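Before any comments, here is the structure.
The values are calculated or read from the model by the stated rules, or taken from the named source; none is laboratory data. This structure is a prediction, so every number in the text was calculated from the model and none was measured. We place every Cβ from the backbone using ideal geometry, glycine too, and count neighbours over all the protein chains shown.
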Amino acid sequence: MVRTGARGPEKVQGTGQTPKFRGPAAERFFADLRAHIPRATGRELAAIEAELRCHLEDAAEALGRTLPDPAQAEEQALRALGDPAAIGAALNAQFSPFWLWLARLARLVCAVAALGLIYALLDRFCPPFHLWALKWM
């Protein structure tokens, strides 16, 4: 498991290594992957990305034993992982939309409550406010 903080991914437990795999092709792959997992939170996306980076690093290391060029090994490992859209769709299916919609509903309720509180405070401390508000309706 990888823990992510303000400084980025920390060391992977058990290996003592920080996942690398930061080439431009890998960044495009992970950007496309993140775009296909809208139900996941930021922490979940970071954990998924760190886990896949570790797998890619392991695959590139194994291919590096047979291929002389490390960049070619990384590229081949990335291609072997598959289509980021298909991986993202499969991972997105694992996340329930219930919590996503519940969070959106909670934000809406908080916004309505904040507007009601503002109106009540203005009405309480600015008595002519309610007449001004009614004039605009």
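Below, the figures for the structure above:
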{"item": "Qualifying positions in the range 68-87 - charged (D, E, K, R), over 10 Å from Phe29 (Cβ atoms) and surrounded by 12 or more Cβ atoms within 10 Å (Cβ to Cβ)", "result": "Glu74, Glu75"}
{"item": "Pairs with Cβ under 8 Å, 6+ apart, first in the range 98-117 and closer than 17 Å to Pro38 by Cα, second loosely packed, with under 10 Cβ neighbours inside 10 Å and not β-branched (Val, Ile, Thr)", "result": "none"}
{"item": "Residues located in the range 51-64, provided they are among the aliphatic types (A, V, I, L, M) and either outside the structural domain of Ala40 (by TED's automatic domain parsing) or under 17 Å from His36 (Cα atoms) (or both)", "result": "Leu52"}
{"item": "Output for the range 65-119, where each listed residue is among the β-branched types (Val, Ile, Thr) and in the same structural domain as Arg34 (by TED's automatic domain parsing)", "result": "Thr66, Ile87"}
{"item": "Residues being part of a helix (DSSP H, G or I) and within 30 Å of Phe29 (Cβ to Cβ) - total across the range 88-128", "result": "12"}
